[in-house]
1. Out of region 186-204, which residues are at pLDDT 90 or above and among the small types (Gly, Ala, Ser)?
2. So if I check each of Arg148, Arg142, which one is exposed (fewer than 10 other Cβ atoms within 10 Å of the Cβ), assigned to a helix (DSSP H, G or I) and outside the structural domain of Val230 (by TED's automatic domain parsing)?
3. For region 217-253, give me each residue that is of a type outside the set (A, V, I, L, M), in a helix (DSSP H, G or I) and more than 17 Å from Leu266 (Cα to Cα).
4. Could you look through region 106-129, keep only residues that are outside any loop (DSSP other than H, G, I, E, B), at pLDDT below 85 and touching a Ser or Thr at 6+ places or on another chain (Cβ under 7 Å), and pick out the one that is surrounded by the most Cβ atoms within 10 Å (Cβ to Cβ)?
5. Mind checking which strands (runs of 3 or more DSSP E) fall wholly inside region 30-93 and carry at least 2 residues that are loosely packed, with under 14 Cβ neighbours inside 10 Å and free of Cβ contacts under 8 Å to residues at least 24 places away in the same chain?
6. Which of the residues belonging to region 229-252 are of a type in the set (A, V, I, L, M, F, W, C), within 19 Å of Lys285 (Cα to Cα) and surrounded by 14 or more Cβ atoms within 10 Å (Cβ to Cβ)?
Amino acid sequence: MDWRLLGGYLFVQCICLNLSAQPSFTCVIDSNKMLIGDQRVIELRINSDTPIEPDSISFSSWQGLGIDPLNRQNWIQEGAGSFHQQITVAAFDTGYILLPPLVLPYDTGSGRDTTYSNDLAIEVAGILVDSTGLAPIKPIIREPFSLRDLVPYLIALGIGLAIIGLVFLRKKRVVPEEVIVEIPLPAHEVALADLEKLRHQKLWQQGKIKAYQSELTHIIRAYIEARFAVPALESTTSEILDFSEVKVLGDDLNASLSEILNMADLIKFAKAEPEISIHDDFMKKAELFILSTKEEITETEDV
């Protein structure tokens, strides 16, 4: 027996077994030419003598090539190792597209191996527009002029003139608003009203001696400033008593004014605590001072 011939025979048999055990994987398209936006059907077919899993096929190599899958059917098994699947695709770009082979892993019994499908070449053409049958541009056909065409313009003109006329008449009829001149109240009326408000607040009855005296002297100072036109609100007590307008009022009024202003200064700055009776007494002296020095207003008849 020739051992070399026997070894060669066994080697050939092993190769044949391996080739027969490798699955067959093909891709077929119904047409290799298509228009942009058109659809084609690609059919995948697998025949294998070994167990395979068709769902393990990866389609990542087809991504970004201008072919978009629209519908992918489930795998249909025709026999023990025969499968087929249809995929509907569309092209949205023109040119030649080469779809690379798909990869199918399978089990050889002694390990894992892979087989590949064939590649697909597709030609995508654009849609050609036949411009030979286009008619030349025709001139604009103008209608003859008629008086009816002027009606909208006449109506708009009439409305505009009516609005202008109404605005003009309204401006002409506008009666000027009456100017009301407010006559300021006399100084003594303002001061007496402020003293009445201070009396109703009852500050000193609540123990708010400083606030009461400060408000009382403020009212008197504001009255002197308004009545005699002197800066009493910004002046000290001695400066107020030294005004010539105040000196001529007489000794009694000057004494009352000096007593009220000086006591307020003692309470404000020296924190003096006067007798309770002086608060009501000072209110009366303030009212008497204002009434005694108020300006006499004479009414004049209109000629």
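1. Ala193 - this is the single residue of region 186-204 that is at pLDDT 90 or above and among the small types (Gly, Ala, Ser).
2. None of the other options fit; the residue is Arg148.
3. First, the residues of region 217-253 that are of a type outside the set (A, V, I, L, M): 217-218, 221, 223, 225, 227-228, 231, 234-239, 242-245, 247, 250-252.
Then drop every residue that is not in a helix (DSSP H, G or I), which leaves 217-218, 221, 223, 225, 227-228, 237-239, 242, 244-245, 247, 251-252.
Of everything in region 217-253, those that are of a type outside the set (A, V, I, L, M), in a helix (DSSP H, G or I) and more than 17 Å from Leu266 (Cα to Cα) turn out to be Tyr223, Glu225, Arg227, Phe228, Asp242, Ser244, Glu245, Lys247, Asp251, Asp252.
4. That would be Tyr106.
5. The strands (runs of 3 or more DSSP E) meeting that bar are 67-72.
6. Selection gives Ala232, Ile240, Leu241, Val246, Leu249.
The values are calculated or read from the model by the stated rules, or taken from the named source; none is laboratory data. Quick caveat: nothing in here was measured; it's all calculated off a predicted structure. Cβ sites come from the backbone with ideal geometry, for glycine too, and all protein chains shown count toward neighbours.
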